[in-house]
Amino acid sequence: MKFQVNCENAIANRGNLYRLKQFLERAKRGEKLNIGFIGGSITMGCAATTPQKAYAWLIYEWFQKKFPQSEFSYINAGIGATTSQFATARAESDLLSYKPDLIFVEFSVNDESNELFLETFEGLIRKLYTFDQKTAIIMLNSVRYQDGGNAEIQHGEIARYYDLPQISMQSSIYPEVVRGRFRSSDITVDDLHPNDVGHEMVAEIVNYFLEKVLQNLDVIKDEPVLMKKPLTDNHYEHACRYQNCNATPQITGAWMKDTSEQKSITEVFKNGWYASEKGASITFETEGTEIAIQYRKSVKQPAPIAEAVVDGKYKVELNANFEETWGDCLYIDTVLRHADYAKHTVTITLTDHCEDAVVPFYLASVISSY
């Protein structure tokens, strides 16, 4: 590590180590094991010069070097600019379908510090934790270096409630930046995304924790933990994402199905529908207590504006014009929250900026959950 930090300070919550101990013992025995990562752009490896310089790969590489007798597979389910709300709907296809034995979860700079993301993050953790009684989970908390902000308070509440290991960059790397031991520009490209040095630093901190657990396997006596009742209302554990591969909506007007091939999960504008004609509508039948619309906010403007209506009464404007400049954003607007469980009709209609739009309105998916 080029710049020294106190790795011990990064252990925000030790957590129950039963599952992690079992994983490490399986690695010592030479078993085939799957290591998964789910998160946003930092997990995806944004700003690393190569995928092999990203923190996730460096952690995976630590396992390969530490346990040469074992065979590990690497699953990176990081998608930039996405939150735990989206992750609850994609966890099965992007991560759990590969049957991970160890999962690292990182959404602390994408989730906001509010009740919605406390609930969506809990839903994600419950989905991952109950997938397989052997799967170990380690929570990671990245940080914004310009102000030290993240969703660690909410995520920490979940970590303590479910007794999960939690590793914090807010309490390890960020204090050294504040003290002036090194500059944020030494380790990040934009006060958020780590450069190669920053990714190496994150990996070293996580690997310190793993090494500490490995060296103490004989004295760790943690017992299996039973799943608790939810801390929140928990309306996001069971989420389903409707795209053109699993839904046949009713269409009025010139909505077109996007049939282009999706070669990677990071190609997020795939398998949806698009339209440019004012008044064109698309209607889905679904069920649950929560409904969200996922669509493209575009840097190419003007872009169309649409309206989502649930059951003829719950309405949300879907403005496809993106105020940021870094690129198109896969955006989520919540239309229905904490409703009674029921069947619902969801209609999306183009309402404005259609005649002069330079790009079509792109509907990526409808997400329902309960």
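Just so you know, all these numbers are worked out from the coordinates, no wet-lab data involved. What you see is a predicted model, and the numbers here were worked out from it, not measured in a lab. Note that each Cβ is placed from the backbone with ideal geometry, even for glycine, and that neighbours are counted across all protein chains shown.
Structure data summary
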{"read-out": "Cα-projected label distance for Cys245 with Glu112, points at 7 Å along beta-carbon direction, nm", "value": "3.0 nm"}
{"read-out": "Kirkwood hydrodynamic radius (C-alpha pairs) into Stokes-Einstein, segment 149-238, 10 °C and 1.306 mPa s, D in µm²/s", "value": "100 µm²/s"}
{"read-out": "Gain in span if fully extended, Glu157 to Thr266, counting 0.36 nm per residue against the direct Cα distance", "value": "36.3 nm"}
{"read-out": "Set of lysines with alpha-carbon distance to Lys28 below 28 Å, sequence-local pairs under 8 removed", "value": "Lys53, Lys65, Lys66, Lys99, Lys127, Lys134, Lys212, Lys221"}
{"read-out": "On Cα atoms only, tilt of 18-28 relative to the major axis of the chain in degrees", "value": "70 degrees"}
{"read-out": "Long-range amide H partners of Val335 with built H, under 5 Å", "value": "Ile291, Ala292, Ile293"}
{"read-out": "Part-to-part distance (alpha-carbon centres) for segment 123-158 and segment 184-223, which is given in Å", "value": "15 Å"}
{"read-out": "Placed amide H near Ile137: partners under 5 Å, 5+ positions off or other chain", "value": "Ile103"}
{"read-out": "Rounded to whole Hz, the Karplus (6.51, -1.76, 1.60) HN-Hα couplings of segment 168-184, x for glycine and proline", "value": "10, 7, 5, 9, 10, 7, 4, x, 6, 5, 4, 6, x, 5, 7, 8, 4"}
{"read-out": "Fewest-first sequence of Ser73, Ser142 by Cβ atoms within 10 Å of each Cβ", "value": "Ser73, Ser142"}
{"read-out": "Paired Rg and Dmax values of segment 1-87, which use every Cα atom, in angstrom", "value": "14.7, 38"}
{"read-out": "Kirkwood hydrodynamic radius (C-alpha pairs) into Stokes-Einstein, segment 201-305, 25 °C and 0.890 mPa s, D in µm²/s", "value": "128 µm²/s"}
{"read-out": "Table column - 3J(HN,Hα) (Hz), segment 76-87, Karplus curve with 6.51, -1.76, 1.60, x for Gly and Pro", "value": "10, 9, x, 10, x, 6, 10, 10, 5, 4, 5, 4"}
{"read-out": "Paramagnetic reach from Tyr314 in segment 199-238 [backbone N under 16 Å; point 7 Å along Cα→Cβ]", "value": "233-238"}
{"read-out": "Model label zone, Val225; criterion: amide N under 20 Å from point 7 Å along Cα-to-beta-carbon; scope segment 27-58", "value": "36-39"}
{"read-out": "Extension reserve of the Glu355-Glu8 stretch, reckoned as 0.36 nm per residue once the Cα distance is removed", "value": "119.1 nm"}
{"read-out": "Those residues of segment 262-298 whose amide nitrogen sits under 17 Å from the label point placed on Thr252, 7 Å along Cα→Cβ", "value": "275-285"}
{"read-out": "Taking only Cα atoms of segment 239-369, radius of gyration then Dmax in Å", "value": "13.9, 40"}
{"read-out": "Order by protection proxy (mean Cβ within 10 Å, highest first), peptides 5-15, 226-236", "value": "5-15, 226-236"}
{"read-out": "Helix-only [θ]222 nm of the chain, DSSP H runs n ≥ 4, -39500 (n - 2.57) each, per residue, nearest 500", "value": "-7500 deg cm²/dmol"}
{"read-out": "For segment 117-126, Karplus couplings with θ = phi - 60° (6.51, -1.76, 1.60), whole Hz, Gly/Pro x", "value": "7, 4, 6, 5, 5, 4, x, 5, 4, 5"}
{"read-out": "Amide H contacts under 5 Å for Ile79, placed H, 5+ residues apart", "value": "Gly39, Gly40, Met44"}
